[in-house]
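Worksheet: the structure to be examined is printed underneath.
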Amino acid sequence: MAICEDVLKMLENADEAMSGEEIAQRLGVSRNSVWKAVNRLKEEGYKISAVTNKGYTLVSEGDSVSDFAVKKYLKSNSSNLRIMVRDEVTSTQTVLKELGDKGEEGNLVLIAHRQTAGKGRLGRSFEAPKNSGLYMSILLRPAIPAEKALFITTAAAAATSKAIKTVTDKETQIKWVNDVYYQGKKICGILTEANLDFESGGLNYAVLGIGVNITAPPGGFPKEISDVATALYTKEPPEQIRAKLAAEILSNFMEYYNDLESKAFMEEYRKRSFLTGREIVFTQGNISETGRVLDIDDNARLVVKLDSGETKTYMAGEVSIVKNFT
Ligand code: BTN
């Protein structure tokens, strides 16, 4: 609803209360449209006071995530993104994959306040209680061979870690291949699911999902993950944090995605690598090997010097840390 954006901008910039009539006149719309826009803004969580004979004042922006709030913070490189926000979905991944199957165009973003069946990697579930996190997926139609789909995840991890620094001033690190860590614990998981076109060897579409823990769920993280998971804020987060973070992640990601072949994201990724220099256990299926991580190469593969002396590069697998390298 474009008028919401305009009314919001006007209230943000006003030094004193503005009447519905004045807003309507300035925007060239009816008073009824202004009234509807104000109500929608209130529903989205904006606190707007209305005083008889004076008008509307924006008291606070709350933690609302709406299509127009996200658009407001998007950089111009991402203006072609279509943004949808839903109160509750099963999983933003599932919804976008269904749309992808039906031929929906790419560059569609879905953000949900809550997921009832959030999906994690390797068939795991992902806890997504109401308003505790940013739960977002993007439907993409990249013209890349299937083996390069890994770069979507890598670029998203770099985009997210960088965005968190910009928006919250908090330093995070990337645990290969796609987790973002804050103070040694996971605060963000990333999942890319692709639909392959076997004839061309390319992708029909990919759905990239990003889940960031902004605060702990009410009652804390479930026991099984409380040792390994954390959130960006222990107390009330700053206003508009989810909308700002969503927009910043999307803007960073689109910059990388629009030029995926150049792998410009790798510099940011390496700079933030959590594993480099650490002693690890690498597990793939039922094979486990121990060694020290030397680097992440240009193809986003983990380079490990094994205890046997051999150096190996891995494309996928699970890593756990043995101890810090000092
Ligand atoms: C993982 O760490 O295992 C990946 C978690 C990915 C979670 C996000 S939240 C938004 C999107 N929708 C989902 O159901 N999953 C991803």
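The values are calculated or read from the model by the stated rules, or taken from the named source; none is laboratory data. This one's a predicted model, so the numbers in the text were calculated from it and none came from an experiment. Cβ coordinates were reconstructed from backbone atoms using ideal geometry, including for glycine residues, and neighbour counts include every protein chain displayed. Areas reflect the complete protein model, heavy atoms only, side chains present, ligands, DNA and RNA absent. Shrake-Rupley method; radii C 1.70, N 1.55, O 1.52, S 1.80 Å.
Rg and Dmax of the stretch 91-171, Cα atoms, in Å?
In Å, with Rg to one decimal and Dmax whole: 14.1, 40.
Taking Cα atoms, how many degrees apart are the long axis of helix 31-43 and the longest axis of the chain, rounded to 10 and kept between 0 and 90?
Helix 31-43 sits at roughly 40 degrees to that axis.
Regarding the stretch 16-119, what is the average projected area of its C-alpha convex hull, in nm²?
8.8 nm²
With each label point set 7 Å from Cα along the Cα-Cβ vector, what nm distance links GLU171 and ASN13?
Spacing of the two 7 Å Cα→Cβ label points: 3.9 nm.
Can you give me the accessible area per residue for the chain, using a 1.4 Å probe, in Å²?
For the chain, the per-residue accessible area is 48 Å².
Can you list residues whose amide H is under 5 Å from LYS175's amide H, if they're 5+ apart or on another chain and H is modeled 1.01 Å from N?
VAL180, TYR181, PHE274
Could you give each residue of the stretch 227-238 its phi-based ³J(HN,Hα) in whole Hz, using Karplus coefficients 6.51, -1.76, 1.60 with θ = phi - 60°, and x for Gly or Pro?
Here the 3J(HN,Hα) series is 7, 10, 10, 8, 10, 5, 10, 8, 10, 3, x, x Hz.
Return the subset of LYS97/LYS186; LYS185/LYS271; LYS9/LYS71 for which the Cα-Cα distance in this structure is over 23 Å, preserving the input order.
LYS97/LYS186
Note down the accessible area of ASP307, probe 1.4 Å, to the nearest 10 Å².
Accessible area, nearest 10 Å²: 110 Å².
Just to confirm the number: angle between the C-alpha axis of helix 241-257 and the first principal axis of the chain, 0 to 90 degrees, nearest 10?
So the helix axis and the longest Cα principal axis differ by about 50 degrees.
If packing is taken as the mean number of other Cβ atoms within 10 Å per residue, what is the order of 131-141, 271-281, highest first?
131-141, 271-281
Quick check on the chain: helices-only [θ] at 222 nm, where DSSP H runs of length 4 and up contribute -39,500 (n - 2.57) each and the sum goes over total residues. Nearest 500, please. Please list the in-between numbers first.
Numbers: 8 runs with 93 residues, N = 326.
Taken over the chain, the calculation gives -9000 deg cm²/dmol.
Binning at 5 angstrom from zero up to the longest distance, how are the C-alpha pair distances of the stretch 1-73 distributed in percent?
Bin by bin from 0 Å, the calculated values are 3, 17, 32, 28, 15, 4, 0.
Over the Cα atoms of the chain, what is the Rg over Rh ratio if Rh follows Kirkwood?
On the way: Rg = 21.9 Å, Rh = 21.3 Å.
For the chain, the value is 1.03.
If you plug each phi of the stretch 298-306 into the Karplus form 6.51 cos²θ - 1.76 cosθ + 1.60 with θ = phi - 60°, what whole-Hz ³J(HN,Hα) values come out, in order, with x for Gly and Pro?
3J(HN,Hα) across the stretch 298-306, in whole Hz: 5, 9, 6, 9, 7, 9, 10, 8, 6.
Step through the residues of the stretch 132-145 one at a time and calculate ³J(HN,Hα) from phi using the Karplus curve (6.51 cos²θ - 1.76 cosθ + 1.60, θ = phi - 60°), rounding each to whole Hz and writing x for Gly and Pro.
3J(HN,Hα) across the stretch 132-145, in whole Hz: 7, x, 9, 10, 9, 10, 10, 8, 10, 10, x, 8, 9, x.
Of the peptides 94-107, 199-212, how do they stack up when ordered by the mean number of other Cβ atoms within 10 Å, highest first?
Working: 94-107: 15.6, 199-212: 20.4.
Ranking the peptides 94-107, 199-212 by packing returns 199-212, 94-107.
Could you order peptides 284-295, 145-156 by the average number of other Cβ atoms within 10 Å of their residues, highest first?
Packing order, densest peptide first, comes out as 145-156, 284-295.
So who's got an amide H within less than 5 Å of the one on ALA229, skipping anything under 5 residues away but keeping other chains? H placed 1.01 Å off N, in plane.
Those lying under 5 Å, H to H, from ALA229 are LYS186.
Antiparallel versus total DSSP beta bridges in the stretch 76-162: what percent is that, nearest 5?
Antiparallel bridges: around 45 percent, rounded to the nearest 5.
What angle, in degrees between 0 and 90 and rounded to the nearest 10, separates the Cα long axis of helix 92-101 from the longest principal axis of the Cα atoms of the chain?
With both axes taken from Cα atoms, the answer is about 90 degrees.
Hey, can you grab everything whose amide H is under 5 Å from the amide H of ILE144? Only 5+ residues off in sequence or another chain; H modelled, so Pro and N-termini drop out.
For ILE144, the qualifying residues are LEU203.
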